[in-house]
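Asker: Please find one structure pasted underneath; my questions will follow.
The values are calculated or read from the model by the stated rules, or taken from the named source; none is laboratory data. Treat the numbers as computed from the prediction; the structure is a model and nothing was measured. FYI the Cβ positions are ideal-geometry reconstructions off the backbone, even for glycines, and counts take in every protein chain you see. Heads up: the accessible areas ignore ligands, DNA and RNA and are worked out on the full protein's heavy atoms, side chains in. Shrake-Rupley method; radii C 1.70, N 1.55, O 1.52, S 1.80 Å.
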Amino acid sequence: MEIGWEGSSSRTEGSVPAVPSSFVPLTSYRSYPEEEMIRRAQDFYSDIKRRRTIRTFADRSVPREVIEDCLRAAGTAPSGANLQPWHFVVVTDPNVKQQIREAAEREERAFYAERAPVEWLEALAHLGTDEHKPYLETAPYLIAIFAKRYGEREDGSRVTHYYVNESVGLAAGFLIAALHHAGLATLTHTPSPMGFLNEVLDRPASEKPFLLLVVGYPTPDTRVPDISKKPLAEIAEFR
Ligand code: IYR
């Protein structure tokens, strides 16, 4: 990944060890004739733009292999030094879902009642959210995404990870796109704070909860906010 530069501890000349690199020919790349590229880009856009965050999930199971392949797709995301600083905990156990719901609703009650600044609540108002999170128990899958802030060697020493948030954000994006492609709906839920996920899911302090992804099918009566995305001219420029 080449996103900016992150300073590290100082070093003297010649102190970087020469690691033998192993390279293989690129055989997986595919190019398409321009007309086909144009069509593919259009097709992908028209498919991904159908994706909506939903908050009403049907109590309907999803084959586990679908989730597994979507997680494999997420795991192909680029990451700082290819250290893949993510961990996914896939929750289907009703008891664990209940614990997550109870803890999330406890935080959200405090968030909506007192913690959130008025400006934040105003920004959220059009989404119609509140502290009630029944979908945390109804949806067939909750995927808790953790960012591994550092790695740990067998001897307990730490392995520095680079661009952790960028890397995990990319993997989460791949996952959401893969789930959508498979025909599933998602909600990117970020109860604040999310520290309770470490306790409920028994994850170490080296891991920071990044996102709780709710996955499943929309109920037939699902309604979504009437919102739109910014047009290209507002989000990008060509120079
Ligand atoms: N975490 C809260 C509030 C919330 C915050 C943002 I930023 C959103 O885009 C949506 C909701 C909740 O889930 O209700």
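Table: residues versus (1) touching a Cys at 6+ places or on another chain (Cβ under 9 Å); (2) assigned to a loop (DSSP other than H, G, I, E, B); (3) free of Cβ contacts under 8 Å to residues at least 24 places away in the same chain.
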site: 187; (1), (2), (3): no, no, no
site: 193; (1), (2), (3): no, yes, no
site: 197; (1), (2), (3): no, no, no
site: 208; (1), (2), (3): no, no, no
site: 211; (1), (2), (3): no, no, no
site: 214; (1), (2), (3): no, no, no
site: 227; (1), (2), (3): no, yes, no
site: 230; (1), (2), (3): no, yes, yes
site: 237; (1), (2), (3): no, yes, yes
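Asker: Within the stretch 183-197, track down each residue that is at pLDDT below 95 and more than 8 Å from the ligand (Cβ to nearest atom).
Answerer: The answer is 193, and nothing else.
Asker: Something else: When you check residue 51 against the structure, is it under 18 Å from residue 186 (Cα atoms), touching a residue at least 40 places away in the same chain (Cβ under 8 Å), open to solvent by 80 Å² or more (accessible area, probe 1.4 Å) and in a loop (DSSP other than H, G, I, E, B), yes or no? Steps first, answer last, please.
Answerer: On the way: under 18 Å from residue 186 (Cα atoms): yes; touching a residue at least 40 places away in the same chain (Cβ under 8 Å): yes; open to solvent by 80 Å² or more (accessible area, probe 1.4 Å): no; in a loop (DSSP other than H, G, I, E, B): yes.
Against the criterion (under 18 Å from residue 186 (Cα atoms), touching a residue at least 40 places away in the same chain (Cβ under 8 Å), open to solvent by 80 Å² or more (accessible area, probe 1.4 Å) and in a loop (DSSP other than H, G, I, E, B)), residue 51 does not qualify.
Asker: Before we move on, is residue 65 modelled with pLDDT of 95 or more and open to solvent by less than 100 Å² (accessible area, probe 1.4 Å)?
Answerer: Values: modelled with pLDDT of 95 or more: yes; open to solvent by less than 100 Å² (accessible area, probe 1.4 Å): no.
So residue 65 does not fit the description; no.
Asker: Pairs only if they're at least six apart or on different chains, beta carbon under 8 angstrom, first in the stretch 128-144 and farther than 15 Å from residue 201 by Cα and among the acidic types (Asp, Glu), second more than 9 Å from the ligand (Cβ to nearest atom) and open to solvent by 30 Å² or more (accessible area, probe 1.4 Å); list them, first residue then second.
Answerer: 131/109; 131/113; 137/94; 137/98; 137/101
Asker: Turning to a different aspect of this structure: Kindly check whether there is at least one residue in the stretch 133-153 that is surrounded by fewer than 17 Cβ atoms within 10 Å (Cβ to Cβ), within 16 Å of the ligand (Cβ to nearest atom) and not in a helix (DSSP H, G or I).
Answerer: yes
Asker: Moving on to the next point. What number of residues within the stretch 104-119 satisfy the criterion of being hydrophobic (A, V, I, L, M, F, W, C), more than 29 Å from residue 226 (Cβ to Cβ) and away from the ligand (no atom under 13 Å from the Cβ)?
Answerer: The number of residues fulfilling the criteria is 0.
Asker: Under 18 Å from residue 212 (Cα atoms), touching a strand residue (DSSP E or B) at 6+ places or on another chain (Cβ under 9 Å) and either away from the ligand (no atom under 16 Å from the Cβ) or assigned to a helix (DSSP H, G or I) (or both), is that true of residue 71?
Answerer: It is true that residue 71 is under 18 Å from residue 212 (Cα atoms), touching a strand residue (DSSP E or B) at 6+ places or on another chain (Cβ under 9 Å) and either away from the ligand (no atom under 16 Å from the Cβ) or assigned to a helix (DSSP H, G or I) (or both).
Asker: Before we move on, is residue 59 among the charged types (D, E, K, R), in contact (Cβ under 8 Å) with a residue 24 or more places away in the chain and out of contact with any Lys or Arg (no Cβ under 8 Å at 6 or more places or on another chain)?
Answerer: Answer is yes for this residue.
Asker: Could you tell me how many of the residues in the stretch 125-141 are within 17 Å of residue 193 (Cα to Cα) and of a type outside the set (D, E, K, R)? Quick ask: steps written out before the conclusion?
Answerer: Narrowing the stretch 125-141 to residues within 17 Å of residue 193 (Cα to Cα): 129-133, 136.
After this cut, where a residue has to be of a type outside the set (D, E, K, R) as well, the list is 129, 132, 136.
The total comes to 3.
Asker: Could you tell me which of the residues 177, 172 is open to solvent by less than 90 Å² (accessible area, probe 1.4 Å), away from the ligand (no atom under 16 Å from the Cβ), within 24 Å of residue 65 (Cβ to Cβ) and not in a loop (DSSP other than H, G, I, E, B)? Full working, then the answer.
Answerer: On the way: 172 fails: away from the ligand (no atom under 16 Å from the Cβ).
Only one candidate qualifies: 177.
Asker: Do we find that residue 122 is without any contact (Cβ under 8 Å) to a residue 40 or more places away in the chain, within 14 Å of the ligand (Cβ to nearest atom), assigned to a loop (DSSP other than H, G, I, E, B) and farther than 20 Å from residue 216 by Cβ in this structure?
Answerer: Judged against the criteria, residue 122 is not a match.
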